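I have placed the structure first, in the form of structure tokens, so that the comments after it can refer back to it.
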Amino acid sequence: MPLNGIDPFGGLDKLFSADHLRSRTFARLFFVSALLCLAMIPPLTGLVDIEHSPTWQRLLWSPVVLGGAPGALFIWSGMLVFWMRLDRSDRWTKRGCFLVLLIGFWYGACLYYFFVYLPQWTQWRRSEA
């Protein structure tokens, strides 16, 4: 069985091309995903007990919980591809960011988005203008 066609990232590099990662649309989607991930902290840590909450509170938390899982996967995979392809940080910073992405999962990806991706994205936007 030939192994030359195996992609360890399952085609993520096709979904997250350099043009996509630099686009305003993806930057906004990453922002919404980051907010959803951060909003999921209270239900996941038990600070908010959705199971025993009134119906109106469950309705308020439903979009957060339903959107949080795909949002977490989206931001984590997007930031991982950005780290591999476009991150212009120095060697030691990239190594530290890799650990943040690897150990922190989606929360690490949120940190990476705000502190690495967003500043580099704004530099691209300024250089294009």
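Each reported figure results from applying straightforward, stated rules to the coordinates on display, with no laboratory input. These figures come from a predicted structure and were not determined experimentally. Don't worry about glycine lacking a Cβ; one is built from the backbone with ideal geometry, like all the others, and counts go over all protein chains shown.
With a sphere of radius 14 Å drawn around the Cβ of residue 97, what net charge do the other residues whose Cβ falls strictly inside it have (Lys, Arg +1; Asp, Glu -1)? Working shown, then result.
Details: positive: 85, 88, 91, 94, 95; negative: 87, 90.
Residues close to residue 97 contribute a combined charge of +3.
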Nearest 10, in degrees from 0 to 90: the angle of helix 118-128 to the longest Cα principal axis of the chain is 50 degrees
Label model pair residue 98, residue 38: point-to-point distance (7 angstrom along the Cα→beta-carbon line) in nm is 2.8 nm
For the chain the mean separation of alpha carbon contacts under 8 Å (6+ apart) over residue count, i.e. relative contact order in percent, is 29 percent
If the chain between residue 128 and residue 111 were fully extended at 0.36 nm per residue, the gain over the current Cα-Cα distance would be 3.6 nm
Between the Cα axis of helix 91-112 and the main Cα principal axis of the chain, the angle (0 to 90°, nearest 10) is 30 degrees
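As a test of the formula, what do you get for the chain when each DSSP H run with n ≥ 4 contributes -39,500 (n - 2.57) and the sum is divided by the residue count, at 222 nm and rounded to the nearest 500 deg cm²/dmol?
Details: 7 runs with 94 residues, N = 129.
The helix contribution divided over the chain gives -23500 deg cm²/dmol.
Could you order peptides 29-35, 58-64 by the average number of other Cβ atoms within 10 Å of their residues, highest first? Kindly include the intermediate steps, with their values, before the conclusion.
Working: 29-35: 19.4, 58-64: 13.4.
Listed from highest to lowest mean packing, they are 29-35, 58-64.
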Tilt, helix 55-85 to longest principal axis of the chain (alpha-carbon atoms), in degrees rounded to tens, equals 10 degrees
Pseudo-spin-label distance residue 25 to residue 59, built 7 Å along Cα→Cβ, given in nm, is 3.3 nm
Among (1) 50, 49, 27; (2) 73, 29, 25; (3) 59, 28, 18, the entry matching Cα extents along the principal axes in Å as calculated here is (1)
